[in-house]
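Just below is one structure, and these are the notes that go with it.
None of the figures in this text is laboratory data; all of them are computed from the coordinates on show. As the structure is a computational prediction, the values presented were derived from the model and not from experiment. Glycine also receives a Cβ, built like all others from the backbone with ideal geometry; neighbour counts cover every protein chain displayed.
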Number of protein chains: 2
Amino acid sequence: MKSILLVAHGSRRAESNQEIARLSDRLAAKASADVQIVEHAFLELCEPLIPDGIEKCIQRGATSVSVVPYFLARGTHVADDIPEQVAIKQSEYPDMDIQITDYLGTSDELVDVLLKLAV
Amino acid sequence: MKSILLVAHGSRRAESNQEIARLSDRLAAKASADVQIVEHAFLELCEPLIPDGIEKCIQRGATSVSVVPYFLARGTHVADDIPEQVAIKQSEYPDMDIQITDYLGTSDELVDVLLKLAV
């Protein structure tokens, strides 16, 4: 059973964090049949943190975890901090397939999304 | 002639700012026939700043400016800082149609973009 862990930065504003939880729910509703587990986690400022999010996926029966960074730019968070947090669980579960995907900002489709907003 | 001003936060990393310039070029290439002007600007840390970006659109002949916030969450930047910067030009050009659109994070289509990344 594949799983997705949506990872956002985390905010001091509860409302922003709730927005991520709602987005995660919408991902779950739209995910294909073989992705039955969608969870979310935060890099900092808000729980669940990334290792806990990965643990949740595994406890729900995931055989793989795709960590999807909800970030627009390849800053330190994407380049270093997220991989560091994910590595904690990768060494705890060496046989589990835990991967970090490209971050949101790399998607070609953002151009279409932005054009739609602008019109 | 309609114009789009893509507004990103701005970074100390030149590479991140160049990413925005490239995204703006891709927007220009894909924009519909009636949006002939696409520029980009930054809220802080990097030039052009928002008022300069709006000015550039107007100098290029824009009759309207859609300011599109390239932001994922409705934090202070989206709620207060961007409107404040845009207001400078709105009062300078009271007859020009200068509007701020919804920010990127509001787009329903992000769910599909994220799912595509995860698979």
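The table that follows gives values for the structure above.
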quantity: For A:3-10, mean number of other protein chain Cβ atoms within 10 Å; calculated: 2
quantity: Proximal lysines to A:Lys116, defined as alpha-carbon separation beneath 16 angstrom and excluding residues fewer than eight positions away on the same chain; calculated: B:Lys2, B:Lys30
quantity: Label distances, nm, B:Ala29 versus same residue in remaining copies, Cβ-directed 7 Å point; calculated: 3.5
quantity: Across the identical copies, how the A:Arg13 labels are spaced - nm, sorted shortest first, 7 Å along Cα→Cβ; calculated: 2.4
quantity: Gyration tensor verdict on the protein assembly as shown (Cα atoms; rounded if a/c is under 1.5, prolate if a/b is larger than b/c, oblate otherwise); calculated: prolate
quantity: Neighbourhood charge, 12 Å Cβ-Cβ cut-off, centred on B:Arg26 and excluding it, Lys, Arg +1 and Asp, Glu -1; calculated: -3
quantity: For the stretch B:48-87 and the stretch A:48-116, distance of Cα centres in Å; calculated: 31 Å
quantity: Environment charge of A:Asp112, counting only residues whose C-beta is closer than 13 Å and scoring Lys/Arg +1, Asp/Glu -1; calculated: -1
quantity: Residue among B:Ile20, B:Val68, B:Leu6 farthest towards the positive dipole end of chain B, charges placed on Cβ; calculated: B:Ile20
quantity: Quarter of Cα convex hull surface for chain B, i.e. mean projection, nm²; calculated: 7.9 nm²
quantity: Cut-off 9 Å between beta-carbons: net charge of the residues surrounding B:Ile37, Lys and Arg +1, Asp and Glu -1; calculated: +2
quantity: Within 10 Å of each Cβ in B:64-74, the average number of Cβ atoms from other chains; calculated: 4
quantity: At 7 Å out from Cα toward Cβ: A:Thr76 inter-copy label distances (nm, ascending); calculated: 1.9
quantity: Theoretical ellipticity at 222 nm over the protein assembly as shown - DSSP helices of four or more residues, -39500 (n - 2.57) apiece, nearest 500; calculated: -12000 deg cm²/dmol
quantity: 18 Å reach of a label modelled at B:Asp95, 7 Å along Cα-to-Cβ, counting backbone N of the stretch B:1-43; calculated: B:1-2
quantity: For residues of B:23-31, the mean tally of beta carbons on other chains within 10 Å; calculated: 3
